[in-house]
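Reviewing the structure listed below.
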Amino acid sequence: MLKNYKWKLLISSILILIPMVLGLIFWNQLPAQFPTHFGTDGNPDAWGGKLFVVLLPLILLVLHWLCVVVTIKDPKNKGQTKKAIGMTMWIMPMLSFVISAIMYAVAFDIDLNV
């Protein structure tokens, strides 16, 4: 059944990695340290280095593949709906874009109310 979704999986995986490619392109313009987590008050409470630009999309990619394989291969849910699989396919790419957009906006001093 995984073969039926190979193109969607490939496209969603590439989309997850696009923020990493952008980070590598702008590597020299990124500050050495930038916020990676924000508290409920909107202020940064965790900081990361440039390596976070590469690690975050890779972690999301691994989690993406894990979620997709578990959803599709689950023996108890042989009749998995296309809607459930579709949601599983596109959650991580969306997270990758949103999280990376926030990180880059803050790194480049764009005023953003997190």
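The values are calculated or read from the model by the stated rules, or taken from the named source; none is laboratory data. Everything numeric here is computed off the predicted structure, so don't read it as measured data. Positions of Cβ are backbone-derived with ideal geometry, glycine not excepted, and every protein chain shown enters the neighbour counts. Quick note on the areas: whole protein, heavy atoms, side chains included, nothing else; ligands and nucleic acids left out. Shrake-Rupley method; radii C 1.70, N 1.55, O 1.52, S 1.80 Å.
For Val70 and Leu2, the difference between the fully extended length at 0.36 nm per residue and the C-alpha to C-alpha distance is 23.4 nm.
The amide H of Trp47, built 1.01 Å from its N in the peptide plane, has Thr36 as neighbours under 5 Å, considering only residues 5 or more places off or on other chains. Counting only DSSP H runs of at least 4 residues, each contributing -39500 (n - 2.57), and dividing by the residue count of the chain, the helix-based mean residue ellipticity at 222 nm comes to -21000 deg cm²/dmol. Taking the accessible area of the chain, probe 1.4 Å, and keeping the other protein chains in place, the carbon and sulfur fraction comes to 69%. I'd like to know how region 1-66 sits against the 2.2 N^0.38 Å rule of thumb: what's its Cα Rg over that expected value? Ratio of Cα Rg to 2.2 N^0.38 Å: 1.39.
Spin-label pair Ala46-Ile102: with each label point 7 Å from Cα along the Cα-Cβ axis, the two points sit 1.1 nm from one another. In square angstrom, what is the accessible area per residue of region 29-77 with a 1.4 angstrom probe? Here the per-residue accessible area is 61 Å². Values of log10 I(q)/I(0) for the chain across q = 0.17, 0.21, 0.22, 0.23 Å⁻¹ run -0.83, -1.06, -1.12, -1.19, by the Debye formula with one identical scatterer at each alpha carbon and no solvent.
In region 54-114, inverting the average of 1/r over every pair of distinct C-alpha atoms gives 13.2 Å as the Kirkwood radius.
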